[in-house]
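Engineer: I'd like to ask some things about the structure below.
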Amino acid sequence: MMLDRLELHDAQLDSPLGRASPIVKLGVAVVWLIGLAFTLAWVPPLVLAGAAIAAGVLLGSVRVRTLTTSIAPLWLAALGIGLFNALYSTSNGDPVATTLVDLGVFRITVLAATNGFALALRVIAIASVGAVFTLTTDPTRLADALVRQAHVSPRFAYGALAAYQAIPRFAEDLSTLRQARRIRGLRGSWHPRLLVALLVLAIRHGDRMALAMDARAFGAGPMTHYRELRWSWLDGVVGLGALAVLIVALALGR
């Protein structure tokens, strides 16, 4: 399931991308996203997607199979988004526009297909960058970096970390509820009552987590930190390299 727990291998965490600051990698993802927003060309998203995948495999020690499994559903969704935008583009109603495909009810113009394909490529690039970021970043280290390097509120950072780590529990709770229904002689397939049961379990998990954080006096005063986080030359190399790749990609798309 897509909600299964994601366990990073030691090779991924000890790789150059794994040792780089999560803030730098998050900044790279944001800057690349902003760069893609200023272009409709095909080349930039292709270059950025290829660079992200190559960096994940070569610099992040991510297995090709793991990366493919993570990206494939996102790529299919991106192609669906591109096809939907091509089918329902306003340019399809323009009688002057050049027709690419005429399916009777649906008419797709060259402009609509071009814009839809360009949008799909941008979504593919964003999905590739997000997958590589997830597969090379420890969530706990990301929360620590947000607090100590980006000076984000600890309540927000560690609260988001707790919520993120609680998401895979929904899959375990759903499996348990379905098995319980089968034991009672009911069908184990999807049923609306499962939503209510999942909501109750989520509230119970959240309540226990809040009590555990209060018991440790979270937010009551100065905090000590288990990990030492410092900026390093590797962060500069990753940031400058990513910026150079973005500049080259945008230049090729002009």
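The values are calculated or read from the model by the stated rules, or taken from the named source; none is laboratory data. Bear in mind that the values here come from a model prediction, so they are computed numbers and not experimental data. Positions of Cβ are generated from backbone atoms using ideal geometry, with glycine treated the same way; all protein chains shown enter the neighbour counts.
Engineer: List pairs: first residue in segment 169-190 and over 17 Å from L201 (Cα atoms), second residue among the polar types (S, T, N, Q) anywhere in the structure, Cβ distance under 8 angstrom, at least six positions apart or on different chains.
Structural biologist: Listed by first residue and then by second, the contacts come to G188/Q179.
Engineer: Let me ask something else. May I ask you to verify whether S153 is out of contact with any Pro (no Cβ under 7 Å at 6 or more places or on another chain), farther than 30 Å from G27 by Cα, exposed (fewer than 14 other Cβ atoms within 10 Å of the Cβ) and not charged (D, E, K, R)?
Structural biologist: Answer is no for this residue.
Engineer: With the structure loaded, tell me whether L76 is assigned to a loop (DSSP other than H, G, I, E, B) and surrounded by fewer than 17 Cβ atoms within 10 Å (Cβ to Cβ) or whether it fails that test. Can you show your working first?
Structural biologist: Values: assigned to a loop (DSSP other than H, G, I, E, B): no; surrounded by fewer than 17 Cβ atoms within 10 Å (Cβ to Cβ): yes.
Answer is no for this residue.
Engineer: Another question, then. Does any residue of segment 28-42 turn out to be without any contact (Cβ under 8 Å) to a residue 40 or more places away in the chain, hydrophobic (A, V, I, L, M, F, W, C) and closer than 30 Å to R169 by Cα?
Structural biologist: yes
Engineer: Could you list, in sequence order, the residues of segment 212-247 that are outside any loop (DSSP other than H, G, I, E, B), surrounded by 10 or more Cβ atoms within 10 Å (Cβ to Cβ) and modelled with pLDDT under 85?
Structural biologist: Those that are outside any loop (DSSP other than H, G, I, E, B), surrounded by 10 or more Cβ atoms within 10 Å (Cβ to Cβ) and modelled with pLDDT under 85: A212, M213, D214.
Engineer: With the structure loaded, tell me whether L121 is under 21 Å from I34 (Cα atoms), surrounded by 17 or more Cβ atoms within 10 Å (Cβ to Cβ) and of a type outside the set (V, I, T) or whether it fails that test.
Structural biologist: yes
Engineer: While we're here: Among G206, G185, G130, G159, which is the only one that is loosely packed, with under 15 Cβ neighbours inside 10 Å, in a helix (DSSP H, G or I) and either over 18 Å from the mean Cα position of the chain (by Cα) or assigned by TED's automatic domain parsing to the domain that holds P73 (or both)?
Structural biologist: Matching residue, one of G206, G185, G130, G159: G206.
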